[in-house]
Amino acid sequence: MKEHKAPWECFFGKEDKNKCKAGAVPKSDREYFEIMSLCIFQAGLSWGLVRKMWPKLRRSFYNFNIDTLSDKKPQDILGNPNIIRNPKKVKSIIENAKRFKLIKKEFGTFAQYLQSLKALSDKKAIKTLADKFNHFGEYSAEYFLHSVGYWR
């Protein structure tokens, strides 16, 4: 299998990680945040729906610009008829933008934060990441880490 650029290109199976290569490592904090947001939107929804809506979601969420998004209120986005208007998901993405900013302030980049998790066991790294972000369970955290090439 080839390295993938978007989570929906991956056929990652929790039971056999060897069947899929890790995702491409994002080049910027914005890309890490967009992939995290993708994982949040995908949870409980079909990839087909999320994939179809993604260009509109990207525009509605200010291209996942962490600084811009962290200053927004959920109602700024929920009123948009062109998105999946799930209040929990919208609120969590805005909240996570704020948390992302704090991580950048402490570690310099999100990639450096992820590097700090490498000292932990895989299970502990997954739990730590899931606990750090809103509406982001352990399965989503594991899928995210796979999607951003954490395990190489």
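Among Tyr113, Tyr139, Tyr62, which is the only one that is touching a residue at least 60 places away in the same chain (Cβ under 8 Å) and of a type outside the set (D, E, K, R)?
Numbers: Tyr113 fails: touching a residue at least 60 places away in the same chain (Cβ under 8 Å); Tyr62 fails: touching a residue at least 60 places away in the same chain (Cβ under 8 Å).
Unique residue meeting the criteria: Tyr139.
Given the residues Ile84, Ile77, which is the only one that is in contact (Cβ under 8 Å) with a residue 24 or more places away in the chain and either touching a Phe, Trp or Tyr at 6+ places or on another chain (Cβ under 8 Å) or aliphatic (A, V, I, L, M) (or both)?
Working: Ile77 fails: in contact (Cβ under 8 Å) with a residue 24 or more places away in the chain.
Checking each option against the conditions leaves just Ile84.
Can you find a residue that is over 15 Å from Val148 (Cα atoms) and of a type in the set (A, V, I, L, M, F, W, C) anywhere in the stretch 111-119?
Yes: one or more hits.
Go through (1) of a type outside the set (Asp, Glu); (2) at pLDDT 95 or above; (3) farther than 17 Å from His135 by Cα and name the single condition Val90 misses.
Result: Val90 fails condition (3) only.
Return the total of residues in the stretch 78-135 being among the hydrophobic types (A, V, I, L, M, F, W, C) and closer than 21 Å to Pro55 by Cβ.
As a first pass, look at the stretch 78-135 and keep what is among the hydrophobic types (A, V, I, L, M, F, W, C): 78, 83-84, 90, 93-94, 97, 100, 102-103, 107, 110-111, 114, 117, 119-120, 125-126, 129-130, 133.
Among the residues that remain, those that are also closer than 21 Å to Pro55 by Cβ are: 78, 83-84, 90, 93-94, 97.
Residues that pass the stated criteria total 7.
Considering each residue of the stretch 37-62, count those that are part of a helix (DSSP H, G or I) and surrounded by fewer than 12 Cβ atoms within 10 Å (Cβ to Cβ), and give that number.
Keep residues of the stretch 37-62 that are part of a helix (DSSP H, G or I), which gives 37-42, 47-60, 62.
Narrowing further to those that are surrounded by fewer than 12 Cβ atoms within 10 Å (Cβ to Cβ): 48, 52, 55.
So the count comes out to 3.
The values are calculated or read from the model by the stated rules, or taken from the named source; none is laboratory data. Everything numeric in this text was worked out from a predicted model, so none of it was measured. All Cβ positions, even for glycine, are placed from backbone atoms using ideal geometry, and neighbour counts span all protein chains on display.
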